[in-house]
1. Inside the stretch 19-40, can you point out the residues that are surrounded by 13 or more Cβ atoms within 10 Å (Cβ to Cβ) and either within 14 Å of M1 (Cα to Cα) or touching a His at 6+ places or on another chain (Cβ under 8 Å) (or both)?
2. Condition test on K29, is it part of a loop (DSSP other than H, G, I, E, B) and closer than 14 Å to D63 by Cβ?
3. Here are some conditions: (1) in contact with a Ser or Thr (Cβ under 7 Å, 6 or more places away or on another chain); (2) touching a residue at least 24 places away in the same chain (Cβ under 8 Å); (3) surrounded by 14 or more Cβ atoms within 10 Å (Cβ to Cβ). K59 meets all but one. Which one does it not meet?
4. So which residues in the stretch 51-72 are of a type outside the set (K, R) and closer than 18 Å to L6 by Cβ?
5. When E3 is evaluated against the numbered criteria (1) within 11 Å of the chain's Cα centre (by Cα); (2) in a helix (DSSP H, G or I), which criterion, by number, is the only one it fails?
6. Among the candidates K10, K20, which residue alone is in contact (Cβ under 8 Å) with a residue 12 or more places away in the chain and basic (K, R)?
Amino acid sequence: MEEKILFVLKNVLGLESATKALSQQNCDKWDSLRHLNLIVELESEFGVEFDPEEISGMKCFEDIERVLTQKL
């Protein structure tokens with residue numbers, strides 16, 4: 001799961017690489033539009049649907065991993 005999340009983050013945010021330390025606070029490219037694109041790609045990649053509270057709470061790699069772990 002970790003590698004798939006990092007792959008999606010890297011591609012959606014247009015980064016050369018992504019690490020588990022990635023967050024909205026330390027990535028200038030992670031704006032509101034890319035956040036929505038990220039959610040769509042994660043839903044597609046993992047076959048899940050996020051509710052609004054989950055979407056607004058996914059602000060870093062760890063948040064994304066936690067929510068996905070609960071869903072899968």
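Each reported figure results from applying straightforward, stated rules to the coordinates on display, with no laboratory input. Given the structure is predicted, the values throughout are model-derived calculations rather than measurements. We place every Cβ from the backbone using ideal geometry, glycine too, and count neighbours over all the protein chains shown.
1. Within the stretch 19-40, K20, Q24 meet the criteria.
2. The answer is no for K29.
3. (3)
4. M58, C60, F61, E62, D63, I64, E65, V67, L68, T69, L72
5. Condition not satisfied by E3: (1).
6. Just a single option satisfies the conditions, and that option is K20.
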